[in-house]
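Down below is the structure, laid out as structure tokens.
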Amino acid sequence: MSLLQKIHTGKKQQPPRLLIYGSEGVGKSTLAAKAPNPIFIPTEDGLDVRLM
């Protein structure tokens, strides 16, 4: 494949990014765990590793 054939034009497809905000204990992590192939980055205490 030549260098010119590797050039893409237009918008690149990217996965959706969501922000789920709410007080503790309302089910934000539980909701996110039901997504296909979720990735959890525990940045604070409270995310139980059993959800992953």
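Points worth noting:
- Any hit, region 26-38, residues being over 15 Å from the mean Cα position of the chain (by Cα) and modelled with pLDDT of 85 or more: yes
- Scanning region 30-45 for residues that are within 19 Å of residue 15 (Cβ to Cβ) and not aromatic (Phe, Trp, Tyr) yields 31, 32, 33, 34, 35, 36, 37, 38, 39, 41.
- For beta carbons closer than 9 Å, sequence separation of 6+ or different chains, a first residue in region 22-47 that is open to solvent by 50 Å² or more (accessible area, probe 1.4 Å) and a second that is aromatic (Phe, Trp, Tyr), the qualifying pairs are 28/21.
The values are calculated or read from the model by the stated rules, or taken from the named source; none is laboratory data. In this text, all values refer to a predicted model and were calculated from it rather than measured experimentally. Methodologically, a virtual Cβ is constructed for each residue, glycine included, from the backbone with ideal geometry; neighbour enumeration extends over all protein chains shown. Ligands, DNA and RNA are stripped out before the accessible areas are found, and what is left, the full protein with its side chains, is counted by its heavy atoms. Shrake-Rupley method; radii C 1.70, N 1.55, O 1.52, S 1.80 Å.
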